[in-house]
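Rule-based calculations on the coordinates, nothing more; no lab input. Predicted model only: the values in this text are computed from it and were never measured. Neighbour counts run over all protein chains shown; Cβ positions are idealised from the backbone, glycine included.
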Amino acid sequence: MSIFDIPKTRYISHRGFQPMAPENSLPSFTYAGMLGQWAIETDVRMTKDGELVCCHNESVDSYCDGIGKIADMTWDEIKKMRIINGNRADFFTDEEARIPKFSEYLAICKRFGSVPFIELKIADAERVIHAVRGAGFSDDEVVMSAIKFSGLKESRRYTDKMFIHWIFAEEGKLEELAELGNAGYSLNIPDSFSCPESKIIAARSMGLKICLRAADSVKVVEHMQRLGLDYLPTNCMHERII
């Protein structure tokens, strides 16, 4: 069964369920899983000694109680830092409030049956795909996303079954995305009510899936569903709301 055949609203919890915990934290991923989210999104980076970790920014500055770029630090250095920025950051233990390993994120997705929706922040798609497979996921159970189109092309070199998603796609290059197959994209249109229906029709004509950001209210979710969008990135909505 395709991940798009799962009978639920296709919410993508952006960096986990942020209303209850800091973004990209173990608790935010766990809450998203407990709420039955279709997918849990994260950003994957790599430490100086080759550990894959989940963090949006290239540095931990203002996010943790330390400073420095993730690529310049070892895992032993990073794991000692505490996440201090985000909802209920003071609520969690030091172990809970640290930057997670990518493997820990994957284990949470596996435990709750949520689709890993992975944003590549490094230029090593092969390493990330290897980690996903090592966590027990088949390629057709995962979404690989990137802002840079080169990251998607690199991913496609190693798998034709993994769904790829282009973040804020360049509309002039959508045919090239379609040629890669099994793909979708988001448009950088902050207000979904201003999105012309022609944009959705264009995606369908090329066999691509499409979404907009962000589905953060019942009104917006209902409108996105009427538009026929394929999945709904959200910072706060979940299956039990609508």
Check: Calculated FRET efficiency, H130 and K219, Cβ-Cβ r, R0 51 Å, to nearest 0.05?
Finding: 0.75
Item checked: Ranked list, fewest to most other Cβ atoms within 10 Å of each Cβ, for T9, T74 -> T74, T9
Next item on the list: Measure off 7 Å from each Cα along the Cα-to-Cβ vector at K80 and T93, then give the distance between these two points in nanometres to one decimal.
Entry: 2.0 nm
Checklist line | Listed pairs K148/K173; K110/K199; K153/K173; K80/K110 exceeding 22 Å between Cα atoms | finding: K110/K199; K80/K110
Next item on the list: Would you mind putting 34-46, 16-28 in packing order, based on average other-beta-carbon counts within 10 Å, highest first?
Entry: 16-28, 34-46
Item checked: Segment D72-I189, extension gain: residue separation times 0.36 nm, minus the distance between their alpha carbons -> 38.7 nm
Next item on the list: Find which of V218, G66, P19 sits farthest along the positive direction of the dipole of the chain, computed with +1 on the beta-carbon of Lys and Arg, -1 on that of Asp and Glu, about the Cα centre.
Entry: V218
Item checked: Local net charge near N235, Cβ-Cβ under 12 Å (Lys/Arg +1, Asp/Glu -1) -> -1
Check: Could you give the nm distance between label points at R157 and S62, where each point is 7 Å from its Cα heading toward the beta carbon?
Finding: 3.5 nm
Note to self: Using only DSSP helix segments of four residues or longer, with each worth -39500 (n - 2.57), what per-residue ellipticity at 222 nm results for the chain after dividing by its residue count and rounding to 500?
What the structure shows: -8000 deg cm²/dmol
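Fewest first, what order do S114, S186 take by the number of other Cβ atoms within 10 Å?
S186, S114
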Margin query: What are the equivalent ellipsoid semi-axes of the chain, built from the alpha-carbon gyration tensor (square roots of five times its eigenvalues), in whole angstrom, biggest first?
Written below: 28, 21, 16
Notebook entry, point to check: Say each of R111 and D140 gets a label point 7 Å from the Cα, pointing the same way as Cα to Cβ; how far apart are those two points in nm?
Noted result: 2.8 nm
Notebook entry, point to check: If packing is taken as the mean number of other Cβ atoms within 10 Å per residue, what is the order of 50-58, 216-224, highest first?
Noted result: 50-58, 216-224
